[in-house]
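Below: one structure, written as structure tokens.
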Amino acid sequence: MMDSVYLETTVIGNIAGRLHPDPVIAARQIVTRKWWAKAFARYELFASALVIDECRGGGADAAKERLAVLDGIPLLGSSTEAETLVEALLNGKAVPRSEPRDATHIAIAAANGINYLASWNFKHILNPGTMRTIESVCRSSGFDPPMLVTPEQLFEAFDDS
């Protein structure tokens, strides 16, 4: 059985579109695209209606590209359990109350038993200062937390070149 990966919106944004002029961001885009090329053979990939909603934002052409990346990716639904976990993550200060969407990504992945949550959001999801709190809140709420990773970490895990 393949491991499962929830694709947070920043991952989709790094697959679609042209390369960014900032070399750090461009490097993230390149490694994300390399991972994406192999990901379907290595992982079960999932997104959510929230990812679709976030990908619809911005310019129409860019939104269309982001939505095309998601074509055929199964969507995980929210649930009462996920909504309860969102509140626990916000109340437990694992995610700032001003960022309920970030808490929702984590909660949907956890409530659906996803192995990995792939993201480039270092501010509220991949934040070393809050990752332990995210894990603790998930566990105290009765969920195994997804491992919070970048696509680069997933790529390095199976890079055989």
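The values are calculated or read from the model by the stated rules, or taken from the named source; none is laboratory data. Note that this is a predicted model, so its numbers are computed, not measured. Here the Cβ is made from the backbone with ideal geometry for all residues, glycine too, and neighbour counts use every protein chain on show.
Take the residues of segment 1-54 that are under 26 Å from Ala111 (Cα atoms) and without any contact (Cβ under 8 Å) to a residue 24 or more places away in the chain: which is surrounded by the fewest Cβ atoms within 10 Å (Cβ to Cβ)?
Only one residue fits best here, namely Met1.
Mind checking which residues of segment 86-115 are among the acidic types (Asp, Glu) and either touching a strand residue (DSSP E or B) at 6+ places or on another chain (Cβ under 8 Å) or surrounded by fewer than 17 Cβ atoms within 10 Å (Cβ to Cβ) (or both)?
Result: Glu87, Glu99.
Check off (1) surrounded by fewer than 17 Cβ atoms within 10 Å (Cβ to Cβ); (2) at pLDDT 95 or above for Gly57 and give me the number that stays unchecked.
The one condition Gly57 does not meet is (2).
Name the residue, out of Ala27, Ala88, Ala82, Ala63, that is part of a helix (DSSP H, G or I), over 14 Å from Leu7 (Cβ atoms) and touching a Lys or Arg at 6+ places or on another chain (Cβ under 8 Å).
Exactly one of Ala27, Ala88, Ala82, Ala63 is part of a helix (DSSP H, G or I), over 14 Å from Leu7 (Cβ atoms) and touching a Lys or Arg at 6+ places or on another chain (Cβ under 8 Å), namely Ala63.
Could you please tell me which pairs satisfy a Cβ distance under 7 Å, a separation of 6+ or placement on different chains, a first residue in segment 96-120 that is within 20 Å of Phe155 (Cα to Cα) and at pLDDT 95 or above, and a second residue that is among the acidic types (Asp, Glu) and buried (at least 24 other Cβ atoms within 10 Å of the Cβ)?
Leu117/Glu8; Ala118/Glu8; Ser119/Glu8
Among the residues of segment 66-82, which ones are surrounded by 10 or more Cβ atoms within 10 Å (Cβ to Cβ), under 18 Å from Trp35 (Cβ atoms) and either in contact with a helix residue (DSSP H, G or I) (Cβ under 7 Å, 6 or more places away or on another chain) or not aliphatic (A, V, I, L, M) (or both)?
Listed by number, the residues that qualify are Arg66, Val69, Leu70.
For segment 145-152, does any single residue satisfy the condition of being in contact with a strand residue (DSSP E or B) (Cβ under 6 Å, 6 or more places away or on another chain), modelled with pLDDT of 95 or more and part of a loop (DSSP other than H, G, I, E, B)?
yes
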